[in-house]
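Input: a single structure, listed below in structure tokens.
The values are calculated or read from the model by the stated rules, or taken from the named source; none is laboratory data. No experiment lies behind these values; they were computed from the predicted model shown. Here Cβ is always computed from backbone atoms with ideal geometry, including for glycine, and neighbour counts include all displayed protein chains. Quick note on the areas: whole protein, heavy atoms, side chains included, nothing else; ligands and nucleic acids left out. Shrake-Rupley method; radii C 1.70, N 1.55, O 1.52, S 1.80 Å.
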Amino acid sequence: MGNGYTLEFEKKLVELEKKIEELKRYAEEKGLDMAEEIAPLERRAQELAREIYSHLEPWQRVLIARHPKRPTFLELVSFIFQDFLELHGDRNFRDDPAMVGGLAWLDGRAVTVIGEQKGRDTKENLARNFGLPHPEGYRKALRLMQQAAKFGRPIISFIDVVGAYPGIEAEERGQGEAIARNLREMSILPVPIIAVITGEGGSGGALATGVGDRLYMLEHAYYSVISPEGCASILWKDATKAPEAAKALKFNAEDLLAFGVIDGIIPEPLGGAHRDPAQTAANIKRTIVAALEELVKIPGSMLVEERYRRLRRLGVYGTS
Amino acid sequence: MPLKELFNTKPKYVTIKPPTPAPPGGVETVERPEKKEIPDGLWTKCGGCGQTIYTKDLAKNLFVCPRCDHHFRIGARERINQLLDEGSFSELFADLRSVDPLGFPDYPAKLKRAQQESGLSEAILVGTGKLEGIPLGLGVMDANFMMGSMGSVVGEKVTRLIEYCLETRLPLVIVAAGGGGARMQEGVLSLMQMAKTSAALGRLGLAGILYISVLTDPTMGGVFASFATLGDIIICEPGALLGFTGPRVIQQTIRQTLPPGFQSSKFQLEHGLADMIVHRRELRSTIARLLRFHHYGGGA
């Protein structure tokens, strides 16, 4: 839709949409009424869109989840919350620009919001490290979450990260311990925690801010133990077989709902969140507001107890 | 055995697989060159100094090279024998078996092979036992079983062991050895075991029960980023590879040579993750000292 980035499987549709736009412009310029010519084309575009987007392969949905125009954390925050006030730093090493957090109002209720921020262009991506947090990012998130617990604020965590950062400094500063600590501490915070995977749910990096009372996924988001490329190169020694790995890993929202890992799927506009960020944000907001209504009524100790029971159920095994 | 055959015994070489292209992102599941190091022949070649050692001598020396102190990888049963009072181990939750929830390519066959080769049903043994007379809960991973990776069963056994210690107020010791991290073949369910085990440790911590984590070669990925690094006390064996992201993945991502000793036990001690590096000879007595400091077994 003229956003300058077309996925292979959308080409036909994008071409048709371009043609319609051109016709409309032409009609306007010449002062002609071409409604009768345009209407069937628009109908066909709609049909085509439904056809394409209702039969997406797991890999195609990964491409949608990674779409460069997919709404980022800060965009979603601006749609969903009021008066977002960013708070910085882990009080220890530095402020990690890949992990953003702060205070905001959600329909009259003060909440703490955290999430990874991907960049929109190369410059921003370099500044944000492509939304890949270092250990201090996870530690900043934990500081803000513990602060939220201290003041009785619910926590909203948005997740969109390709994975933990594979770098020397991340290892030196204890990335594994930072993730593990978040998992342990999030499990005992006595305030409601709602997590939403908005794009990529890349393994330990995603899990590090993903323990909570409710976990939702946007329709085309994925949540996986390993990237499809990584899986393909281990299994078949060939990263280009990522589409097959995407199938084998069963990491789409429907699979995770079936495994009991998530509580619900938040629908995206036809074709993906990038085609209508405002609508996407409205869908997310409706879901988290409704969940929060329920959760704020539950005493902290019961929240923690039920959160543990949720985690306790996860896993599939048999007995001999 | 005729003398001639004795000298025909092939030395055990460390086999290294050729490197494969970098998997971008999703770095928790770490594929390492499979070092089949657990000695089973009459003679064993040391992976540290190259010396050929009479395996019986090696066993007597707790599978530590008498010449260079290289700590060989050992299986779960050998570790239990080394740590616990003789005959005191009593296995728990032994009936749990992995299934194939994703219908993942080749997983059932891999499981079967791992079971046959290791003689274990999964990558961890958990149970209770006594160490210098002090009762404790013990979990020991086995790097030979699918590279010590954590799927639903490993996560469940660890969690049940923690809950058992919580109920009985036994101190907990887990010997981690998991180069495979979170087991890819069970997808996101493996990832969830990181959260499950860590949450159980949260409860154990609130109850004031001691947890000692022993990190052995190799401990990486999802095992490292969950229960293995949440010990009240963290002990490393010398010369282990310990970290989150595998060195190969880091190297291929940043395209720089990694500094020598990167992700070694010494590295983790120097960077503040571990409390101490303890020689295998002293592991049992060190754990006993720690237990007594925390007033288990009557203290002092």
One would report the Cα pair-distance distribution of the stretch B:95-150, bin width 10 Å, in %, as 21, 45, 23, 9, 2
Taking every residue of B:122-135, the Cβ atoms of other protein chains inside 10 Å of its Cβ average out to 0
Rounded to the nearest 5, the percent of DSSP beta bridges in chain B running antiparallel is 45 percent
Quick calc, the protein assembly as shown, dipole around Cα centre from Cβ unit charges on Lys, Arg (+) and Asp, Glu (-), nearest 20 debye, gives 1620 debye
For the stretch A:83-206, the Cα-Cα pair-distance distribution in 5 Å bins from 0, as whole percents, is 2, 12, 21, 26, 21, 12, 5, 1, 0
Protection proxy (average C-beta count within 10 Å per residue), highest first, orders B:254-264, A:64-74 as A:64-74, B:254-264
Dividing the helical contributions, -39500 (n - 2.57) per DSSP H run of n ≥ 4, by the residues of chain B yields a 222 nm value, nearest 500 deg cm²/dmol, of -10000 deg cm²/dmol
In whole Å, largest first, the alpha carbons of the stretch A:185-235 cover along the principal axes 41, 24, 11
Taking only the alpha-carbon atoms of the protein assembly as shown, the convex hull volume per residue, in cubic angstrom, is 167 Å³
Quick shape summary for the stretch A:263-320, equivalent ellipsoid via Cα gyration tensor, semi-axes whole Å in descending order, reads 31, 21, 6
In units of 2.2 N^0.38 Å, the Cα radius of gyration of the stretch B:73-293 is 0.97
Residue-normalised 222 nm signal for chain A, counting each DSSP H run of n ≥ 4 as -39,500 (n - 2.57), nearest 500 deg cm²/dmol, is -14500 deg cm²/dmol
The B/A contact buries a total accessible area, at probe radius 1.4 Å and rounded to the nearest 100 Å², of 5200 Å²
Computed over chain A, the distribution of all Cα-Cα distances in 10 Å bins, rounded to whole %, is 6, 25, 33, 22, 10, 4, 1, 0
1/(1 + (r/R0)^6) with r = Cβ-Cβ of B:ALA109 and B:THR168, R0 = 35 Å, i.e. FRET efficiency to nearest 0.05, evaluates to 0.35
Taking only the alpha carbons of the stretch A:8-55, the radius of gyration and the largest Cα-Cα distance, Dmax, both in angstrom, are 12.1, 39
Per principal axis, largest first, the Cα atoms of the stretch B:215-291 extend in Å by 44, 24, 18
Out of B:CYS236, B:ILE287, B:LEU102 - ranked by how far each Cα lies towards the positive end of the dipole of the stretch B:73-293, with unit charges on the beta-carbon of charged residues - the top one is B:CYS236
The stretch B:190-225 and the stretch A:124-199 have their Cα centres apart by a whole-number Å value of 18 Å
Any DSSP H helix in chain B with Cα axial reach of 15 Å or more and mean Kyte-Doolittle score of at least 0.5? Listed by number, the hits are B:187-206
Net charge (Lys, Arg +1; Asp, Glu -1) of residues whose beta-carbon lies under 13 Å from that of A:ARG128, A:ARG128 excluded, is -3
Projected area averaged over all directions for the convex hull of the alpha carbon atoms of the stretch B:57-105, nm², comes out at 6.1 nm²
Pseudo-spin-label distance B:LYS266 to A:ARG120, built 7 Å along Cα→Cβ, given in nm, is 4.9 nm
At 4 °C and 1.567 mPa s, the Stokes-Einstein diffusion coefficient in µm²/s for the stretch A:1-107, with hydrodynamic radius from the Kirkwood sum on alpha carbon pairs, is 73 µm²/s
In degrees rounded to 10, the 0-90 angle between helix A:175-186 Cα long axis and the longest Cα principal axis of chain A is 80 degrees
For peptide B:238-250, the mean count of other chain Cβ atoms within 10 Å per residue Cβ is 4
Heavy-atom accessible area per residue of chain B, all protein chains kept, 1.4 Å probe, expressed in Å², is 40 Å²
PRE zone check, label point 7 Å out along Cα-to-Cβ of B:ALA207, amide N under 12 Å, scope the stretch A:174-196, hits none
Along principal axes, largest first, the alpha-carbon spread of the stretch A:217-294 in whole Å comes out as 47, 29, 14
Any trypsin sites (Lys or Arg not before Pro) in the stretch A:240-320 that lie in a DSSP loop and have at most 13 other Cβ atoms within 10 Å would be A:LYS297, A:ARG313
Per GNM of chain B with C-alpha springs under 10 angstrom, the most fluctuating residue out of B:VAL249, B:VAL99, B:VAL214 is B:VAL99
Inter-chain shielding metric for B:218-227, i.e. average beta-carbon neighbours from other chains within 10 angstrom, reads 5
